[in-house]
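No value in this document is a laboratory result; all are computed from the given coordinates. On a predicted model such as this, the values are computed, not experimentally measured, just so you know. So basically every Cβ, Gly included, is an ideal-geometry build from the backbone, and we count neighbours across all protein chains shown.
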Ligand code: GLN
């Protein structure tokens, strides 16, 4: 069968189940394409040899009851994988081999999938362009000058470039939705507590969530069904009744009320984004749903709040990397000297910036003025959504304030880099689910995404809305294969 890598996850599962394809065929095809993808720099570690072994084993004794039977899959290098190097894109974890598996990846392998390798990401998931990785930046399969977005940039490039049928990323402030939007794919950030954080290298624990990234909404729903589970090993995991997100997917959204928040019309937003949003509103109406103007008055405080809360939690989480417990250790004249050298050589510039900001806002003199204040504002942002959801079932916004920017364009200007997260961070602060779907192209032909934000635990609803819209949008990604060796 030709063009295996062009098939969606759903098609591959079907073709393996009805024996038109073997797991070995599929795994080989994705390995071949991945081997030609060096220029994208999407992989940090590959596990191709053992992937092929596992595929052969699967074919000898196939189990078609699995949801992902013999499906190869690469994952973001922030998920701990037992006996396989897990770096979080950092020099400090360059030699870290976990002795345990993250719950989310375990759920994936338990449904029959096979690990292809570990995908590049911003260092400790801090970034919006995949340029902070110790292992070098990732390029977009759309255009060699473009960033793929971040921090799950390797994941986005790998799905858009068809190196893996689907993948998982993590989203603390937009790291699934923003790169999905930049590369023309679908990315879901689930409700906080839906997917276990056990075994995910921590960035900001009250915001981090794992989620699926896929070529289309159906694949995204299927993978979400696999990864979302209650996990007693994560004290913030929530025991709620999960849907069969794939099976229950429907494009019937007639009568749904979708909010359009006026505060997302930010200063300086390109007309193309506004036009895309208007098109989105029309698609919603074409699907038989209704749009309602709403207000989320504290939206403009979300970004400053996020850039206090996230670094504060990061500075505390990253205290564990001291050269003793994990990974890289620099030589020092005494213990303190060793700590200092390990941390200043092991962490990159962006991570050091976050640790400094975080330590500052948590320091006794500034805690009340910054951290405590930010927590209060966070609650107000959450209240805005609660208020809005008295009137609407979901909210539609653009995913990002621009299309993908050029490599190097924002590296010397962290604030302009942070501004890229303006539409995604409120969702994390409020713990809500949000999905980005590709919805059009800008004048340069680069993909643009729309975001649908749901009520807590209402993933099925936003997946359904995305599914209905996807049909109307009929998006075709412009992948040129410029990078094929
Ligand atoms: N770009 C944001 C940041 O740098 C979000 C990162 C993320 O979601 N992991 O913090």
For the chain, calculated [θ]222 nm from helices alone, where every DSSP H run of n ≥ 4 adds -39500 (n - 2.57): -10500 deg cm²/dmol
Residue-span extension gain [residue 64 to residue 100] - 0.36 nm each, minus C-alpha spacing: 10.3 nm
Which FRET efficiency value, to the nearest 0.05, is calculated for residue 330 and residue 415 with the Förster distance at 22 angstrom and r the Cβ-Cβ distance? 0.10
Pairs of alpha-carbon atoms within less than 8 angstrom and 6+ residues apart define the contacts here; what relative contact order does the chain have, in percent? 18 percent
Please state the equivalent ellipsoid semi-axes for the range 200-288: what are the square roots of 5 times the Cα gyration tensor eigenvalues, largest first, in whole Å? 30, 21, 13
Semi-axes of the range 335-465's equivalent ellipsoid from the Cα gyration tensor, sqrt of 5 times each eigenvalue, largest first, rounded to whole Å? 33, 24, 13
Looking at the range 1-138, what % of the alpha carbon pairs are farther apart than 22 Å? 40 percent
Take the alpha-carbon centre of the range 170-189, take the same for the range 83-123, and report the distance between them in whole Å. 19 Å
Whole-angstrom gap from the range 300-332 to the range 234-284, using each part's C-alpha centre: 31 Å
Could you estimate the translational diffusion coefficient of the chain from the Stokes-Einstein equation, with Rh from the Kirkwood formula over C-alpha pairs, at 37 °C and 0.692 mPa s, in whole µm²/s? 148 µm²/s
Rank-order 97-110, 276-289 by packing density, defined as the average count of other C-beta atoms within 10 Å over each peptide's residues, highest first. 97-110, 276-289
Of all alpha-carbon pairs in the range 92-175, indicate the percentage at a distance above 22 angstrom. 28 percent
Cα gyration tensor shape of the range 4-61, rounded if a/c is under 1.5, else prolate or oblate by comparing a/b with b/c: oblate
With labels modelled as points extended 7 Å from the Cα through the Cβ direction, what inter-label distance (nm, one decimal) is found for residue 271 paired with residue 386? 4.2 nm
What number, in percent, do you get for the relative contact order of the range 208-316 if the mean sequence gap of Cα pairs under 8 Å and at least 6 apart is divided by its residue count? 23 percent
Considering only the chain, what is the antiparallel percent among its DSSP beta bridges, to the nearest 5? 70 percent
Can you tell me the relative contact order of the range 48-181? Whole percent, Cα pairs under 8 Å, sequence separation 6 or more. 23 percent
Using every pair of alpha-carbon atoms in the range 112-219, split the distances into 10 Å bins beginning at 0 and state the percent of pairs per bin, rounded to integers. 18, 51, 29, 2
Does a label point 7 Å from the Cα of residue 252, set along Cα-to-beta-carbon, have any residues of the range 222-238 with amide nitrogen under 12 Å, and which are they? none
Evaluate 2.2 N^0.38 Å with N set to the residue count of the range 256-298, then give the Cα radius of gyration divided by it. 1.21
